[in-house]
Amino acid sequence: MLSAVVATSREVAATRSRLAKTALVAELLVVTDPAQVRTVASWLAGRLPQGRVGVGWRSLGDLPAPVADRPSASEASSAPDPPPSASEPLTVADVDTAMSALAATSGRTARHEILVDLYAWATADEQDYLSRLLLGEVRQGSLDGVLLAAGARAADVDETLLRRAAMLAGDLPLAVQIALTDGEDGLAEVRLQPGRPIQPMLAGSAAEVEEVIERLAGDEVALDTKVDGIRVQVHRDEQREVRVFTRSLDDITTRVPEVVEVAAALPGGPLVLDGEAVAL
């Protein structure tokens, strides 16, 4: 039920202890329907599996009152009746279906109708959580780090193996679902797949060059001039279809036709390129 996710999110946000956060998330993952683990894990990490669905503050105006706040017939006989389903708990599947509909729907009126139907079914706490989820404002502290540790704990798998699978799948919630359904054997099967973006390795920072050399004591250090463009990941699959992703794994293929043209012309078969694209 959505209420269980909302309650866990609230408890996680209320504690500073990373161990307590991990335990709370792990407890929820263990009792979650396997088919819904990826969705719940995504929400607990503060994002929707569908990505951005185009809902902003203005879209959240003029929505129904929470279920518990509706007046009874004896108090206000002229008040609008809640939908028949409003007496039933809102499920994870219900919300996920609504989010997918929002992502696939254009037109302000049609999108508003989807939001009205969803919010008319939600309690005050659920409405608050849904709004924060839609706006990307779920703040619970160390979201991905806690989810990684909690997923490993819930599935009783090695955290390093889960981290590797999450990197290669480009999707930590999906890796958590694999861990809970197929264990370490399933995680070991996750491979680099051209066409599917992977989590990029990001640079660290240091105040001085000498600090870098100290950190890498015993290793060779190569210095390169940094040319500032846009960090991209370019994939070409077996069918030679090219896709380009940003460091946040957003698909920007249609926005960089020059990069697509260069990648398509390279010799060989499937490939994955990771680097900086610079317009000259």
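The values are calculated or read from the model by the stated rules, or taken from the named source; none is laboratory data. Given the structure is predicted, the values throughout are model-derived calculations rather than measurements. As a convention, Cβ positions derive from the backbone with ideal geometry for all residues, glycine included, and neighbour counts pool all protein chains shown. Ligands, DNA and RNA are stripped out before the accessible areas are found, and what is left, the full protein with its side chains, is counted by its heavy atoms. Shrake-Rupley method; radii C 1.70, N 1.55, O 1.52, S 1.80 Å.
Here are the numbers:
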{"quantity": "Semi-axis lengths (Å, descending) of the ellipsoid that matches the C-alpha gyration tensor of the stretch 138-264", "calculated": "28, 25, 14"}
{"quantity": "Degrees separating the helix 124-135 axis from the principal Cα axis of the chain, which is the longest one", "calculated": "30"}
{"quantity": "Helix axis angle, 172-188 relative to the chain longest principal axis, alpha carbon, degrees", "calculated": "60"}
{"quantity": "Heavy-atom accessible area per residue - the chain, 1.4 Å, Å²", "calculated": "58"}
{"quantity": "Packing-based ranking, highest mean first, of 240-249, 220-229 given that Cβ atoms within 10 Å are counted", "calculated": "240-249, 220-229"}
{"quantity": "Alpha-carbon gyration tensor eigenvalues x 5, square-rooted, for the chain, Å", "calculated": "40, 24, 19"}
{"quantity": "Electrostatic dipole magnitude of the chain [Cβ: Lys, Arg +1; Asp, Glu -1; Cα centre; debye, to 20]", "calculated": "440"}
{"quantity": "In Å², nearest 10: area of LEU148 left accessible to a 1.4 Å probe", "calculated": "20"}
{"quantity": "Accessible-area composition of the stretch 86-151, carbon plus sulfur, in percent [1.4 Å probe]", "calculated": "50"}
{"quantity": "Folded to 0 to 90 degrees: helix 143-155 orientation relative to the chain principal axis, Cα", "calculated": "80"}
{"quantity": "Cα-Cα P(r), the stretch 147-203, percent of pairs per 5 Å interval", "calculated": "4, 24, 35, 21, 11, 4, 1"}
{"quantity": "Whole-number percent relative contact order across the chain, with pairs defined as alpha carbons under 8 Å at least 6 apart", "calculated": "17"}
{"quantity": "Probe 1.4 Å - accessible area at ILE213, Å² to nearest ten", "calculated": "90"}
{"quantity": "Helical mean residue ellipticity (222 nm; -39500 (n - 2.57) per DSSP H run of 4+; nearest 500) of the chain", "calculated": "-14000 deg cm²/dmol"}
{"quantity": "Of PRO197, LEU133, VAL146, farthest towards positive along the dipole that unit charges on Lys, Arg, Asp, Glu beta carbons give the stretch 129-211", "calculated": "LEU133"}
{"quantity": "Surface share of carbon and sulfur [accessible, 1.4 angstrom probe, percent] for the stretch 172-280", "calculated": "53"}
